[in-house]
Amino acid sequence: MAEFVKVGKLRQIPPGRGRTFDVEGVRVAVFRTDDGWVAVTDACPHMGASLADGRLVDGCIECAWDHW
């Protein structure tokens, strides 16, 4: 099971948005959803852009660069 790592304060991420944090040397995009939080590696698998700059669309993270 994954270990909980505190990366910041709740108010740092508005609902529906993301922010990048460094977690033990790995860039992680953390998103605030209506139901809680989602954390993923902060790199679009298609173009390598920061996913934290994207947005949540129907429960999926959409890359700001290529909308993939």
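Structure data summary
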read-out: Within the range 50-68, tally of residues that are open to solvent by less than 50 Å² (accessible area, probe 1.4 Å) and farther than 20 Å from PRO14 by Cβ; value: 1
read-out: Hits in the range 24-42 - residues which are within 12 Å of the chain's Cα centre (by Cα) and open to solvent by 30 Å² or more (accessible area, probe 1.4 Å); value: ARG27, ARG32, THR33, TRP37, VAL38, ALA39, VAL40, THR41
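The values are calculated or read from the model by the stated rules, or taken from the named source; none is laboratory data. Since the model is a prediction, treat every value here as computed from it, not as a measurement. As a convention, Cβ positions derive from the backbone with ideal geometry for all residues, glycine included, and neighbour counts pool all protein chains shown. To get the accessible areas, we keep the full protein, side chains included, count just its heavy atoms, and leave off ligands, DNA and RNA. Shrake-Rupley method; radii C 1.70, N 1.55, O 1.52, S 1.80 Å.
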